[in-house]
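I have placed the structure first, in the form of structure tokens, so that the comments after it can refer back to it.
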């Protein structure tokens, strides 16, 4: 995880060193649009912090930086008014917010997958049991349908168990 600071302000490298030491990450400084775009082409960043002065003076440059930032968290800060402590708070808050959003997205995806799986398994179980209840099923087919029904029933029980129990039993 590294951070890109885009500012032409004097002392930016000192500020970057303080931010990097406090957050335990590498902080790269780009003095303008060209340097920022070159850095963004070279690698990914966790956050891109653009000086508000640059964004106001050259909105097209700021827009180009945001477009190339990829999944990096975009932050716009007035370096002239903000000290390193405030910058650290802003970056830390943004990174924590991103972590929470990703965790919530993972949970939502897991719930959606689990719901879809439960529905599919219920359908398999229902259809295999319906097919078995018909009297004209040949014995080899009935045996295979019983296996499918048993497997679907077993999977249904596993899906009904709380997630913590499933992860412990899988390990």
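Roughly how many nanometres apart are two label points built 7 Å out from the Cα toward the Cβ at residue 137 and residue 122?
2.1 nm
Run the simple label-point estimate for residue 80 and residue 107 please: 7 Å along Cα→C-beta, distance reported in nm.
Distance between the two pseudo-spin positions: 4.3 nm.
Over the stretch 106-170, what lengths in whole Å, largest first, do the semi-axes of the equivalent ellipsoid take, defined as the square roots of 5 times the eigenvalues of the alpha-carbon gyration tensor?
So the three semi-axes of the stretch 106-170 are 29, 13, 7 Å.
Taking only the alpha carbons of the chain, what extent do you get along each of the three principal axes, in Å, biggest first?
Ordered largest first, the chain gives principal extents of 86, 32, 23 Å.
May I ask for the percentage of alpha-carbon pairs in the stretch 3-61 that lie more than 13 Å from each other?
58 percent
Please work out the C-alpha center-to-center distance from the stretch 25-82 to the stretch 121-165 and express it in whole Å.
56 Å
A short reminder: the numbers here are calculations on the coordinates, not readings from a lab. In this text, all values refer to a predicted model and were calculated from it rather than measured experimentally. Heads up, the Cβs are rebuilt from the backbone with ideal geometry, glycines too, and the neighbour counts pull from every protein chain shown.
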